[in-house]
1. Calculate the spin-label point distance for residue 107 paired with residue 88, positioning each point 7 Å from the Cα along the beta-carbon direction, and give it in nanometres.
2. How many nm separate the modelled label positions at residue 63 and residue 76, each set 7 Å beyond the Cα in the direction of the Cβ?
3. If the viscosity is 1.306 mPa s and the temperature 10 °C, what Stokes-Einstein diffusion coefficient in µm²/s follows for the range 22-119 when Rh is the Kirkwood radius over Cα pairs?
4. Run the simple label-point estimate for residue 24 and residue 100 please: 7 Å along Cα→C-beta, distance reported in nm.
5. Suppose R0 equals 22 Å. What FRET efficiency, 1/(1 + (r/R0)^6) with r the Cβ-Cβ distance, do residue 55 and residue 32 give to the nearest 0.05?
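Any read-out appearing in this document is the output of simple, stated calculations on the displayed coordinates, not a laboratory observation. These figures come from a predicted structure and were not determined experimentally. Neighbour counts are summed over all protein chains in view; Cβ atoms, including those assigned to glycine, are modelled from backbone coordinates with ideal geometry.
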Ligand SMILES: [Cu+2]
């Protein structure tokens, strides 16, 4: 009986852990809600888990809804939990980022944030 309870506890713990294994956005550069003087050339996203980069998408748009990404998200050599997105920001103002990530353990996450660019 005691052994069965331990087994159940282990099942519970292992069942709970995948929630922490999802790739959540840990930080970004530019950071969420930051205000920059000039337009960044690259967006860097750092996640809590390693990513399946080909299945991750990042949409970057200005306040007019124009695309500000100059290409697909790319892997960062030596940093499997990071994505970099080349930017070509054409208009100052609020820049919105919407991301969908697939972690190496096949779990999907998504989120969004924005930052502001003072001038081009
Ligand atoms: Cu996961």
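1. 3.7 nm
2. Computed distance between label sites residue 63 and residue 76 equals 2.9 nm.
3. Values: Rh = 13.3 Å.
Rounded, D is 120 µm²/s.
4. So the two model labels end up 2.2 nm from each other.
5. The pair residue 55/residue 32 has a calculated efficiency of 0.45.
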